[in-house]
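Below is one structure; the comments refer to it alone.
The values are calculated or read from the model by the stated rules, or taken from the named source; none is laboratory data. Since we're looking at a predicted model, the values are computed, not measured. Here the Cβ positions follow ideal geometry from the backbone for every residue, glycine too, while neighbour counts run over all protein chains shown.
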Amino acid sequence: MKLTKTFCTVLAVVGLIGFSNLSYAAGEAEELPDMSWEFEGPFGHYDKAALQRGLQVYRNVCSACHSLKRVRFRNLEALGYDESQIKAIAAEYTVTDGPNDEGEMFDRPARPSDAFPSPYANDKQAAYANNGAIPPDLSLITKARAGGATYTAALLHGYEDPPAEWAEKNQLLPGQYYNKYMAGHVIAMPPPLAEGQVAYEDGTETTVEQYSRDVAHFLNWAAEPELEERKRMGVKVFLFLLAFAGIMFAVKKRVWSDIKGK
Amino acid sequence: MASGPREKFDNNVIEWVDSRLPIFTMLQKEYGVFPTPKNFNYFWNFGAILMIMLGIMIITGITLAMHYTANANLAFDSVERIMRDVNYGWLLRYIHANGASFFFIAVYIHIFRGLYYGSYKQPRELLWMFGVTIFLLMMATAFMGYVLPWGQMSFWGAQVITSFFSAIPLVGEEITVWLRGGFSIDNATLTRFFALHYLMPFVIAAVVALHVWALHVTGSNNPLGIDVKTKQDTLPFNPYYTIKDSFGVLVFMLFYVGFVFFAPNVLGHADNYIPANPLVTPAHIVPEWYFLPFYAILRAFTFGVNLPILIGLAITAFAMKPFFSNKTKEEINLKTVGITFAIAGIFFLIGYFSQYQLESGETMILGGSFISAAFIDAKLCGVLAMFGSIAILFVLPFMDKHPVRSARFRPWFRIATLLLVLDFFVLMVCGAKPAEGFWVPLSQVAMLYYMGYFIIGIPFLSKFEPVLDLPDSIHQAVTQGKTKKSVKKKA
Amino acid sequence: MTDTPQKISDNDKKEEPTRRDFLYLTAASMGAVAVGSIAWPLVNQMSPAKDTLALATTEVDIAPVEVGQAITVMWRGAPVFIRHRTDEEIMKARSVKLADLRDPQTDEERVQKEKWLVMTGICTHLGCVPLGQKPSDPKGDYNGWFCPCHGSHYDTSGRIRKGPAPTNLVIPPYEFTGDTVVKIG
């Protein structure tokens, strides 16, 4: 039918225009670069080596200011570490426990059941130490930013000198930096990564871009540790339902076969 | 209920129960042999789909409530614990969160079907009104559910929505404070929203029972919109529609699980993974996609009702009078009506532009502030229009007096209704955009069409749309293939 | 959803009954599989979550516990008593005749290292926490533990000697992972 067809076409066009940019960011920011990730797509999975390198970057660099409070040492099993390795990693950290029988808080080495300890005692201290900008917790960062891991990686190597055009109208205050991918371009985080800053043991190149990718990969795992299980289960469920719907369609045809005009 | 004479069941256990409580007799009557029009298309699957969705939401909701903590300091963490530590917690939460979206997808299609095929008309008015009630309850439930994870969008969404009530004259502030249980959104708000979010689905289930009861009194409408006449027109519900519904449910589930497993956060908002912070407002507060059209209607009111607009409204009411009277279409002078509308339109334009803000920030004043001053301000207008846009569905059955139900035999109504669907999507896009530039007038035009469709379009079509010849019976139409095109116009 | 329709079987009784039955059976069994696999997460979500399981074992450093002292640690939501027993307490525990005990058990059966008594601090009568951990607590007639709720007396091996409790205090699974580290659970 002509009308129906026209209607559907118009609807599709409106839908495409509307939904292609539904998520809109405040302030101008560069379009994100095209990156592909092993964990994308219905068969996506994490790359354990990348996760381990990302953890290394987080521990050596990010953790100076950013907490990762929803990730527990026991979760590192997903990165390919065994129990004794996890215990050893945990033991490198100190957590505050207590109160003990005397009512005092005390420090002890972390256990696998503990979360990564935060670099600051509270938000006020974090703000005070960072010119008022609180470094966000990173456990959910890839879910909490439009663009996910791509945005996270891009941001980490998106620092540059402000273009002349921009600098004419805007000014960076002390403690502010220009970042291509930040909404509004002004970011309070100093460029965190430098070439060769973290020594990789597996021979992967130690560029800023590689560090950014690895740590974004790791943070995506931190935000969505269930991703692999979810996608594996999803493929099974989808195929099952597809087959079930097919069978049900056959049953429906058969049941309806004796009805005239259908 | 079914307490009349009863046939015996062969199975002894069933017979024992049924002779004491004839539940199997009832099931057999309402879902076994229940005569159902034989010409349903796939739009009629959505009742069953919605039943399944309600069940899924209640079951996953109860399991989530076993782990969720309704406390402003703990809510976000408890949700993350569900995602990370509870067995299959991520699955249950994603099913529930995406379930809300798919529940609304199904309900919008279901409402469209009712509108398009005239299911709201006599004798199914009450059935329709129960349906609109369910829709309203769903919206309230969904809104309160979205607050529970206590992320940034939860918090600020609650802030914006509860602020609607502050638009009520005189007691608005008090009502808002009462709703929130404090002077801002806080723990008290969260705990009451949790209590109500847990309660409401069961209220919905009860209204669904009434909805289905009313359906089984009148019987289903069908794509032809004509009444069932003989047994030839119907089929027993089981197996024909139990099987067809099962198939429809499975296809719907395919889309649903696609989102649950492969894109679970696409329909949500990234900001809701940031814990609520009363000191930081997100750059762009948007409701969930299913509220966007109504949100756009709310925001379309950048203007209030001032003297010219009030006069325009009075003139419109006057122009509409003959449509609601007993006059036949010959007795109505369309020319007069048209001129009256044009005059009303001029007043609307004066009223609108007298409040229009120029780019310099000054108001475009035509004839001084006496004319431009709005005595119902924009905020209240927006809130009234938003609630009105749903409330108007309640009276729809009484505004549409056209004798034909299905849009298949109402070419004018059909175009108007398809345009309404398009309009709904335009509003949805407008609602997602910042209220600035081109999007403001677009949402105003779209809002006008939505309101005009119901207030002017439906009464007008009731009088003026020609009545076409309908097929004699469902059976005849189905066997002779006359289901799609209307026959000739009545001489 | 998938009940095999009765009406149909009458209609096509003649034509290819095997294919029809196969279809219906497949549909019905797939429905059963679907319901079963949906039910499992709903049931399993009530089992202990990963964070709870992570605390199912606990390691305790007992080096600071001096002879004659005791500490209480929480394990699976219940108190565990760890007592560094004196020679006198050990001697007392070992000199009792089995026949005198309500729940006969030798001290050797109850400890891995004779100096360390590790047991769950829950009275086997009605679940109160017995006293006797702190120096100031009443220790009962047998210088072990005394349950204040209904007056059960336990000896220096945690065995019931007097009062209503039916059995000795329970020994949890534990092992020494180092000279002074106990892993409970």
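Please indicate, with yes or no, whether at least one residue in the stretch B:461-476 is touching a residue at least 40 places away in the same chain (Cβ under 8 Å) and either under 30 Å from B:V286 (Cα atoms) or of a type in the set (F, W, Y) (or both). Among the residues of the stretch B:461-476, at least one is touching a residue at least 40 places away in the same chain (Cβ under 8 Å) and either under 30 Å from B:V286 (Cα atoms) or of a type in the set (F, W, Y) (or both), which makes the answer yes.
Every condition in (1) assigned to a helix (DSSP H, G or I); (2) within 14 Å of another protein chain (Cβ to nearest Cβ); (3) not acidic (D, E) is met by A:P225 except one, and the failing one is (1). In the set (1) in a helix (DSSP H, G or I); (2) modelled with pLDDT of 95 or more, B:N221 fails one condition alone, (1). Pairs are defined by a Cβ separation below 8 Å, a sequence spacing of at least 6 or placement on different chains, a first member in the stretch B:300-324 that is part of a helix (DSSP H, G or I), and a second member that is acidic (D, E); the pairs so defined are B:P322/B:E331. With a requirement of 1 or more residues that are touching a Cys at 6+ places or on another chain (Cβ under 8 Å), the helices (runs of 4 or more DSSP H) lying completely within the stretch B:369-456 that satisfy it span B:439-452. Here is the figure for the stretch A:65-87: residues that are under 8 Å from A:F116 (Cβ atoms) and surrounded by fewer than 19 Cβ atoms within 10 Å (Cβ to Cβ) total 1.
Here is a check on your reading of the model: is B:A374 buried (at least 18 other Cβ atoms within 10 Å of the Cβ) and either within 14 Å of chain A (Cβ to nearest Cβ) or under 26 Å from B:L224 (Cα atoms) (or both)?
Working: buried (at least 18 other Cβ atoms within 10 Å of the Cβ): yes; either within 14 Å of chain A (Cβ to nearest Cβ) or under 26 Å from B:L224 (Cα atoms) (or both): no.
No.
With respect to (1) in contact with a helix residue (DSSP H, G or I) (Cβ under 9 Å, 6 or more places away or on another chain); (2) among the acidic types (D, E); (3) at pLDDT below 90, the lone exception for B:E436 is condition (1). Residues of the stretch A:148-165 include at least one that is closer than 20 Å to A:R70 by Cα, among the polar types (S, T, N, Q) and either at pLDDT 90 or above or not in a helix (DSSP H, G or I) (or both). When A:V208 is tested against (1) under 30 Å from A:W37 (Cβ atoms); (2) of a type in the set (V, I, T); (3) surrounded by fewer than 17 Cβ atoms within 10 Å (Cβ to Cβ), only condition (3) is not met. You will find that of A:R213, A:R254, A:R230, the residue that is surrounded by 22 or more Cβ atoms within 10 Å (Cβ to Cβ) and not polar (S, T, N, Q) is A:R213 and no other. Among the residues of the stretch A:236-245, those that are more than 7 Å from chain B (Cβ to nearest Cβ) and either in contact with a helix residue (DSSP H, G or I) (Cβ under 6 Å, 6 or more places away or on another chain) or loosely packed, with under 14 Cβ neighbours inside 10 Å (or both) comprise A:K236, A:L239, A:A243. Got a number for residues in the stretch B:227-248 being part of a loop (DSSP other than H, G, I, E, B) and free of Cβ contacts under 8 Å to residues at least 24 places away in the same chain? Residues in the stretch B:227-248 being part of a loop (DSSP other than H, G, I, E, B) and free of Cβ contacts under 8 Å to residues at least 24 places away in the same chain: 1 in total.
Once the stretch B:377-405 is narrowed to residues that are among the β-branched types (V, I, T) and surrounded by fewer than 16 Cβ atoms within 10 Å (Cβ to Cβ), the residue that is nearest to B:A446 (Cα to Cα) is B:I390. Might you let me know whether the stretch B:41-57 holds any residue that is within 11 Å of another protein chain (Cβ to nearest Cβ), among the aliphatic types (A, V, I, L, M) and not in a helix (DSSP H, G or I)? No, the stretch B:41-57 contains no residue that is within 11 Å of another protein chain (Cβ to nearest Cβ), among the aliphatic types (A, V, I, L, M) and not in a helix (DSSP H, G or I). Could you tell me which of the residues B:S78, B:S101 is modelled with pLDDT of 95 or more, within 30 Å of B:R192 (Cβ to Cβ) and out of contact with any Leu (no Cβ under 6 Å at 6 or more places or on another chain)? Going through B:S78, B:S101 in turn, the sole match is B:S78.
Would you mind finding the one in A:F106, A:F73 that is modelled with pLDDT of 95 or more and either in the same structural domain as A:H217 (by TED's automatic domain parsing) or more than 24 Å from A:V186 (Cβ to Cβ) (or both)?
Working: A:F106 fails: modelled with pLDDT of 95 or more.
When all the criteria are applied, what remains is A:F73.
Note on the stretch C:94-121: among residues that are out of contact with any strand residue (DSSP E or B) (no Cβ under 6 Å at 6 or more places or on another chain) and of a type in the set (A, V, I, L, M, F, W, C), the one that is farthest from C:A63 (Cα to Cα) is C:A99.
Taking A:Q85, is it in contact (Cβ under 8 Å) with a residue 12 or more places away in the chain and either closer than 15 Å to A:V215 by Cβ or more than 14 Å from chain C (Cβ to nearest Cβ) (or both)?
Numbers: in contact (Cβ under 8 Å) with a residue 12 or more places away in the chain: no; either closer than 15 Å to A:V215 by Cβ or more than 14 Å from chain C (Cβ to nearest Cβ) (or both): yes.
No: the conditions fail for A:Q85.
Taking the criterion of being crowded, with 17+ Cβ neighbours inside 10 Å and within 29 Å of B:H67 (Cα to Cα), would at least one residue in the stretch C:85-103 satisfy it?
Within the stretch C:85-103, the first condition is being crowded, with 17+ Cβ neighbours inside 10 Å, and the residues that meet it are C:85, C:89-90, C:92-93, C:96.
Within this subset, residues satisfying the condition of being within 29 Å of B:H67 (Cα to Cα) are none.
No, the conditions are met nowhere in the stretch C:85-103.
Against the list (1) outside the structural domain of B:A296 (by the TED database); (2) outside any helix (DSSP H, G or I), the condition B:Q476 fails is (2).
In this structure, does C:V35 turn out to be surrounded by fewer than 17 Cβ atoms within 10 Å (Cβ to Cβ) and more than 8 Å from every other protein chain (Cβ to nearest Cβ)? Even if it seems obvious, please write down each step before you answer.
On the way: surrounded by fewer than 17 Cβ atoms within 10 Å (Cβ to Cβ): yes; more than 8 Å from every other protein chain (Cβ to nearest Cβ): yes.
Considered against the rule, which asks whether it is surrounded by fewer than 17 Cβ atoms within 10 Å (Cβ to Cβ) and more than 8 Å from every other protein chain (Cβ to nearest Cβ), C:V35 comes out as yes.
All conditions but one from (1) in the same structural domain as A:A194 (by TED's automatic domain parsing); (2) assigned to a loop (DSSP other than H, G, I, E, B); (3) out of contact with any helix residue (DSSP H, G or I) (no Cβ under 8 Å at 6 or more places or on another chain) apply to A:D101; the one that does not is (1). All conditions in (1) assigned to a loop (DSSP other than H, G, I, E, B); (2) in contact with a Cys (Cβ under 6 Å, 6 or more places away or on another chain) hold for B:A296, with the sole exception of (1). Note on the stretch B:176-186: residues that are farther than 17 Å from B:G157 by Cβ and either among the polar types (S, T, N, Q) or part of a helix (DSSP H, G or I) (or both) total 2.
Per this entry, A:S118 is not counted among residues that are loosely packed, with under 11 Cβ neighbours inside 10 Å and either closer than 29 Å to A:E226 by Cα or among the basic types (K, R) (or both). Checking the structure you have, find out if any residue of the stretch C:51-72 is within 13 Å of another protein chain (Cβ to nearest Cβ) and either aromatic (F, W, Y) or touching a helix residue (DSSP H, G or I) at 6+ places or on another chain (Cβ under 7 Å) (or both). Looking through the stretch C:51-72, at least one residue is within 13 Å of another protein chain (Cβ to nearest Cβ) and either aromatic (F, W, Y) or touching a helix residue (DSSP H, G or I) at 6+ places or on another chain (Cβ under 7 Å) (or both). Scanning the stretch B:265-282 for residues that are at the interface with another protein chain (Cβ under 9 Å from one of its Cβ atoms) and either closer than 17 Å to A:S139 by Cβ or surrounded by fewer than 19 Cβ atoms within 10 Å (Cβ to Cβ) (or both) yields B:N265, B:A270, B:D271, B:N272, B:Y273, B:I274, B:P275.
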